[in-house]
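Input: a single structure, listed below in structure tokens.
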Amino acid sequence: MSAVVVVGTQWGDEGKGKIIDLLSAQADMVVRYQGGNNAGHTVKVDDEEFKLHLIPSGILSDSTVCVIGNGVVVDPGVLISEMDSLADRGISTDRLQVSDKAHVIMPYHKALDKLQEESKGDRKIGTTGRGIGPCYTDKISRYGIRMADLVDSRSLSARLDLVLPYVNGLIEGVYGQTGFTKDQIVAEMAPQADRLRSFVTDTSVLVNDAIDAGQKVLFEGAQGTLLDVDHGTYPFVTSSSPTAGGACTGTGVGPTKISKVIGVAKAYTTRVGAGPFPTELNNEIGDWIREKGKEFGTTTGRPRRCGWLDAVVLRYSARVNGLTGLALMHLDTLSGLDQVQICTAYEVDGKRVENFPGDIQVLSQCRPVYETLEGWSGDLSKARSLEDLPENARKYIDRVSEIVGVPVCIVSVGGRRSETIITEEPF
Ligand code: IMO
Ligand code: MG
């Protein structure tokens, strides 16, 4: 049985796209299980760069079937333009399937995302503005519109009759803005529905059949553990479940069918948007990492906040995801520093804290306790085995693995597919 979940262990942007792309070469199917086009996965194939937001990164491998599971929220316009831009570059999207149960990001979700953020003033979350939170809100409050409704004009019409008075009540009553009419929405979405109809199906059947037939199935997490609506730094989180359990609820696959969970972690830490970040470096080292690691958002272009590796975060991720392996990314970015630091615990009010706190009030008072290691230098991009790395880089990897309690199975030493060290085959 080979069903492998790939999850982000930090605040997103860990390099999941590269890992998925790499493993897709061996996978028969790649499945996204949560999030939407708030994700931004950059994949470098030879010297070509692809930025994907919604379609699984597996689409870049010739024969891999790509599935958008029920846990994903789908903006139909974004999906179509992503399909078109892949087609323009010679990549077929015929192998794409979308769950009939996936919820649709409606035009009013995007409007509400902006209105809610504006109304929060300096307490805003710093969302990507893609309508993610309002779409998941409607899903849970049972005002959602699913792909099955979108592609059936009678169902869409009936759902809008129920939903629009509620939505417009919010937009007009709470925010004092003009609401949406059914005609306006149908005019925009009917052509999108026509285009997408043939891709919509019961994807739980497809994924389970593939696993039962012994095929290799990869579950592609978006965002990261600390952005999880339950396990993340609430309320500075996204509205879905990026953690490994989300792969089951977000696809209709039982937990007994998952064989491995690989956690993707940068060799340092980044965060976009607001919220506490204990190892953040507001100094020249933070700036150096941002420039060298090209730490600017794929989705919004925002500069990412940068800091040292936080092993308290990684231990927490190992626990809530049941990690079986770690993929350590951007090791090359740290090359050139005299010393590197790993946060091994926090300190609050003179007390040592080993477990990641659930309360962000406590987290924002946490001061990192660091262990300092000797740095390394030089170009790592040619390394294809651990032996090819400078000794201090190897010591860093070993120490991370030891503190986190999870073996490192992949080390990334550059942006390209080939610039990777694999120490244990994931499938
Ligand atoms: P990938 O898949 C990093 C952050 C936003 C914001 C919070 C809520 O590329 O790792 P949302 O629009 O989801 O309601 O915003 O979550 N965020 C991400 N940060 N990488 C991502 O995805 C993110 N997706 C959402 O910046 O703080
Ligand atoms: Mg991103």
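The values are calculated or read from the model by the stated rules, or taken from the named source; none is laboratory data. Here the structure is a predicted model, which is why all the values come from computation and not from measurement. A quick note on method: Cβ atoms are made from the backbone with ideal geometry, for glycine too, and the neighbour counts reach across all protein chains shown. The accessibility values were calculated without ligands, DNA or RNA, using every heavy atom of the protein model including side chains. Shrake-Rupley method; radii C 1.70, N 1.55, O 1.52, S 1.80 Å.
For the range 307-335, the set of residues classified as open to solvent by 30 Å² or more (accessible area, probe 1.4 Å) and either among the charged types (D, E, K, R) or more than 17 Å from Thr269 (Cα to Cα) (or both) consists of Arg315, Arg319, Val320, Gly322, Thr324, Asp332, listed by residue number.
Per this entry, Ser198 is not counted among residues that are more than 14 Å from Val31 (Cα to Cα) and surrounded by 17 or more Cβ atoms within 10 Å (Cβ to Cβ).
Does Ala267 count as open to solvent by less than 40 Å² (accessible area, probe 1.4 Å) and closer than 20 Å to Gly336 by Cβ? Before the answer, list the steps.
On the way: open to solvent by less than 40 Å² (accessible area, probe 1.4 Å): yes; closer than 20 Å to Gly336 by Cβ: yes.
In short, yes.
Every residue, every condition in (1) within 25 Å of the chain's Cα centre (by Cα); (2) surrounded by fewer than 21 Cβ atoms within 10 Å (Cβ to Cβ), yes or no:
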{"site": "Gly69", "(1), (2)": "yes, no"}
{"site": "Ala87", "(1), (2)": "yes, yes"}
{"site": "Ala102", "(1), (2)": "yes, no"}
{"site": "Ile105", "(1), (2)": "yes, no"}
{"site": "Lys114", "(1), (2)": "yes, yes"}
{"site": "Gly129", "(1), (2)": "yes, yes"}
{"site": "Tyr175", "(1), (2)": "no, yes"}
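Only one of the numbered conditions (1) within 14 Å of ligand 1 (Cβ to nearest atom); (2) of a type in the set (Gly, Ala, Ser); (3) open to solvent by 10 Å² or more (accessible area, probe 1.4 Å) is not met by Ala158, and that is (1).
Kindly check whether there is at least one residue in the range 30-42 that is more than 13 Å from ligand 1 (Cβ to nearest atom), outside any helix (DSSP H, G or I), of a type outside the set (Gly, Ala, Ser) and surrounded by fewer than 24 Cβ atoms within 10 Å (Cβ to Cβ). Reasoning before the result, please.
Quick first cut of the range 30-42, residues more than 13 Å from ligand 1 (Cβ to nearest atom) only: 30-31.
Now narrow it down to the ones that are outside any helix (DSSP H, G or I): 30-31.
Pick out the ones that are also of a type outside the set (Gly, Ala, Ser) and you get 30-31.
Adding the requirement that they be surrounded by fewer than 24 Cβ atoms within 10 Å (Cβ to Cβ) leaves none.
No.
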